[in-house]
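Asks: Take this structure, written in structure tokens, and hold onto it; I'll ask about it next.
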Amino acid sequence: MAPSRVERMIEVAAALKAGEVEDLTASDLLASIRAERDAENAAAARQLALAARWADLHPPESIHSAASFAVPGCEHEEPIAGEGTPLVAEFCVAELGTVLGISTTAAKKLIGHALELRHRLPRLWAQVHAGAVPAWRARTVAETTIHTNPALTREAAGFVDAQVAAVAGRIGAAQLDRLVAETITRYDLAVADPTADPDDGYLHVDPRHVTVHDQDVHFAGTMRIEAEVDLADALDLDRAVAHDAATQKALGSTESLDARRAKALGNLARTQTALDLADPGTDSEDLPPAREVVIHAHFDATLSGDTTIFGPTGRMENGQRLVLLEQIQAWCGDTRTRVTIKPVIDLHTQLTGQTRKIPATIREQIILRDRTCVFPNCGRPARGCDIDHLVPWDEHVEAEGRPQPGPTTTSNLAALCRFHHRLKTHSPWRYAMVAPGVFEWTAPHGYRYRRDHTGTTELDPPDPPGVPRPLRR
């Protein structure tokens, strides 16, 4: 008798576990791929539930501060989730992020989405755990309802939940924007705008933005730009880019159309910058530099450790930005670009200050050495970070005749962003420098991480309660 479908699936799972993929038929492969997809969705749903439970275990009373997203470029903060969701102790977020191998900001989003779904989008939450809606789709809806401006009340979020759940989460970005706009109008949440059409709720939502993803730099020395602009502006920009790309080709460029369009966008930006800097009536040949680049360049691979298939590389002032030697040569050859090469500081020299205040030379050395905040998985550029004494400076040693336990010296300093500086100072998190630029962190629950220029590596996990780890030989 032929095996049943369940029996066949068990056989397929066993074959996959044994690595015998080549023996599977096309039907078995399709069934297996679908089963893996279902398992992935189920795991993501469980992760949301666990993240919400982690938040439950850490109410704000535990450290007297609620978790929030820091909005880049602004002084105010946004809540981790919408109205009606519980507050969360901010420092617990970092530990969840390190266990998952993601940044603290990404962990905040995970917890925020979980709380938003559980408390304000309960129908969608139920569908996620029933397997009817994948977690990623539900999280997209939660991200929108959390950050809508003006903010959605709990009742308004419930309306969005009912509408999205009715179609099992199958709603595109444009449809979701229109639904939110209708919700804002229905619940009278929009700020009065005398220029807006009162019958057109969509006008209350302004999706325009320009985002430069400066933390996501490709090894080819490129960076991604994302924008949502007015229709007329978009068409004007497209025409300008197309015209410049065509001009480049007419002048002999052999690059692809995409490459020429990308270069055209940069040309457009530099031309406008130069025009803005110049006095009215200035001849185009007398325009000031349209691009100014500050570079700390290390091109000896034995020193920087950075090599790519594209050729010799160094790093720009932002420690995350790889730059190719050919790029710098091209910039220096452009008469509209002003390139400043900073004197190179020896990163291997031990520098020491005499007070708690960190001298400019030592600060610069730490910034260049660490490149980013040295907390696990944090990518905030070191130039915007605090410089932390690993062992705190003691203000009372001179009066008491004791040696300084936390000197202002290279081996006792590290770059920490403000959040992770506070985390280190006011929570059980601890860290030490085990080699220049190499740090080992210990989380409150015993998890350990090594952070260096290559990224974050998890070290030996903590021992389970009552189970000692065997000795290594």
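Asks: State the number of residues belonging to the stretch 374-392 that are out of contact with any Phe, Trp or Tyr (no Cβ under 6 Å at 6 or more places or on another chain), surrounded by 16 or more Cβ atoms within 10 Å (Cβ to Cβ) and assigned to a loop (DSSP other than H, G, I, E, B).
Replies: Residues meeting the conditions: 7.
Asks: Would you pick out the residues in the stretch 349-370 that are at pLDDT 90 or above and in contact with a Gly (Cβ under 8 Å, 6 or more places away or on another chain)?
Replies: Pro359, Ile362, Ile367, Arg369, Asp370
Asks: Taking the stretch 133-172 as the region of interest, how many residues are in contact (Cβ under 8 Å) with a residue 24 or more places away in the chain, farther than 18 Å from Ile111 by Cα, part of a helix (DSSP H, G or I) and not charged (D, E, K, R)?
Replies: Matching residues across the stretch 133-172 total 7.
Asks: If you don't mind, there's one more thing I want to ask. Being surrounded by 12 or more Cβ atoms within 10 Å (Cβ to Cβ) and part of a helix (DSSP H, G or I) is the filter here; which residues of the stretch 394-407 pass it? Step through it out loud before you land on a result.
Replies: Kept after step one, since they are surrounded by 12 or more Cβ atoms within 10 Å (Cβ to Cβ), are these residues of the stretch 394-407: 394, 397, 404-407.
Val397, the sole residue that qualifies.
Asks: If you don't mind, another one. Yes or no: Gly169 outside the structural domain of Glu440 (by TED's automatic domain parsing), more than 25 Å from Arg186 (Cα to Cα) and either surrounded by fewer than 23 Cβ atoms within 10 Å (Cβ to Cβ) or β-branched (Val, Ile, Thr) (or both)?
Replies: Taking the combined requirement at face value, the residue does not satisfy it.
Asks: Quickly run through the stretch 408-423 and pick out the residues that are surrounded by fewer than 18 Cβ atoms within 10 Å (Cβ to Cβ) and under 23 Å from the mean Cα position of the chain (by Cα). Steps first, answer last, please.
Replies: Filtering the stretch 408-423 down to residues surrounded by fewer than 18 Cβ atoms within 10 Å (Cβ to Cβ) leaves 409, 411, 418, 422.
Across the stretch 408-423, the qualifying residues are Arg418, Arg422.
Asks: Since Gln327 meets every condition but one in (1) in the same structural domain as Arg450 (by TED's automatic domain parsing); (2) modelled with pLDDT under 90, which condition does it not meet?
Replies: (1)
Asks: So, one more: Mind checking which pairs have a first residue in the stretch 86-104 that is assigned by TED's automatic domain parsing to the domain that holds Pro444 and modelled with pLDDT of 90 or more and a second that is aliphatic (A, V, I, L, M) and not in a loop (DSSP other than H, G, I, E, B), Cβ under 8 Å, 6 or more apart or different chains?
Replies: none
Asks: Looking at this structure, is Ala151 modelled with pLDDT of 95 or more, under 18 Å from Gly82 (Cβ atoms), in the same structural domain as Glu40 (by TED's automatic domain parsing) and of a type in the set (A, V, I, L, M, F, W, C)?
Replies: no
The values are calculated or read from the model by the stated rules, or taken from the named source; none is laboratory data. Only a predicted model underlies this, so the values are computations on that prediction, with no experimental measurement involved. So basically every Cβ, Gly included, is an ideal-geometry build from the backbone, and we count neighbours across all protein chains shown.
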